[in-house]
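The values are calculated or read from the model by the stated rules, or taken from the named source; none is laboratory data. Being a predicted model, the structure only gives us computed values, none of them experimental. No Cβ is skipped: glycine too gets one built from the backbone with ideal geometry, and neighbour counts run over all protein chains shown. Surface areas here come from the heavy atoms of the whole protein model, side chains and all, with no ligands, DNA or RNA. Shrake-Rupley method; radii C 1.70, N 1.55, O 1.52, S 1.80 Å.
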Amino acid sequence: APERGAQAGSANDLSLTLRVEAGGRTLLLTGDADGATEPQGAACDVLQVPHHGSRKACDEAALEGADPQIALISCGNSAYHPDADTVARLENAGAQVYVTRDSGRIRVIFDDDELKVEEFLP
């Protein structure tokens, strides 16, 4: 994503989205996709939450298709990111949520039997 010829309301709308498969697991990297350009129905084990977990990120339709075990939100010390409702949607969908502001650098290890998360606080 985005699809060829997509109309951009902002540069975020054209943010590159990648689905990576490795070790029998799937990682969905959504960049700064915002609202309408967020991937729908893209199943994944690990989701890099779009647009720093903003209020528009990860609506119910996107989460239903994605069904992530782990959700990663990259953000600094911001009053806007991540949005509490977005975090609640992710948790209600069964995802373990990690935020770089709180966890520092985050490493996800794709193991044969499970996903492992390591946090490296600054």
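Every residue, every condition in (1) farther than 19 Å from residue 43 by Cβ; (2) in contact with a Gly (Cβ under 9 Å, 6 or more places away or on another chain), yes or no:
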site	(1), (2)
69	no, yes
86	yes, yes
107	yes, no
114	no, no
- Task: State which residue is modelled with the lowest pLDDT when the search covers only segment 65-111 and only residues that are within 15 Å of residue 26 (Cβ to Cβ) and open to solvent by 20 Å² or more (accessible area, probe 1.4 Å).
- Result: 111
- Message: Anything in segment 60-77 that is within 11 Å of residue 100 (Cβ to Cβ) and assigned to a loop (DSSP other than H, G, I, E, B)? List them, or say none.
- Response: 74, 75, 76, 77
- Query: What tally of residues in segment 45-95 results from selecting those that are within 20 Å of residue 116 (Cα to Cα) and within 10 Å of the chain's Cα centre (by Cα)?
  - Reply: 12
- Message: Here's a check for you: in segment 23-56, which residue that is at pLDDT below 90, of a type in the set (Gly, Ala, Ser) and over 15 Å from residue 69 (Cβ atoms) is surrounded by the most Cβ atoms within 10 Å (Cβ to Cβ)?
- Response: 33
